[in-house]
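Throughout, read-outs are computed from the coordinates displayed, never taken from laboratory work. The structure displayed is predicted, hence computed values, not measured ones. Here the Cβ is made from the backbone with ideal geometry for all residues, glycine too, and neighbour counts use every protein chain on show.
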Amino acid sequence: MAKIEPSPIIEEIHGKTDKKARGYHTNRHGKQFYIEREEGYQKNQSSRQKWNSAAFAYAHQQLRLIESNPDTLAQMNADWEAAKHIGPNGRLMQTAHGWKFNMLITEYKTANPLQLENQV
């Protein structure tokens, strides 16, 4: 951290000066500092967030494969009609795409149950 001498015009700067700044200004013990840090909030996910993100990524990947083939797309629409447009959560789904997406998320979460680190 580098100590910054406050100018007479601006006694104290706090936070980022603009959205493109690499760091932010902070005050500690009456002194001003400039700290650079990576804005990687996605790196600090909880176990549940990682599990949901993995299910979401799996559903997108599988749905892309299904919709790229006309045969599997027709099968998806037939399955949606057979399910009477009702998704895994009991809600009425308006499109076959949305229905299949929710089914794939449920499929992933059932096959890969959430493992919490703090379980005894």
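Structure summary
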{"read-out": "Model label zone, ASN102; criterion: amide N under 11 Å from point 7 Å along Cα-to-beta-carbon; scope segment 62-88", "value": "85-88"}
{"read-out": "Using alpha carbons only: equivalent-ellipsoid semi-axes of segment 59-104, gyration tensor based, whole Å", "value": "17, 12, 6"}
{"read-out": "Sites LEU73 and ALA111, calculated FRET efficiency, Cβ-Cβ separation with R0 22 Å, nearest 0.05", "value": "0.45"}
{"read-out": "Inter-probe distance in nm under a simple model that places probes 7 Å from Cα toward Cβ, at LYS19 and GLU36", "value": "2.2"}
{"read-out": "Sequence-distant residues sharing a close amide H with GLN32 (under 5 Å, placed H)", "value": "ILE4"}
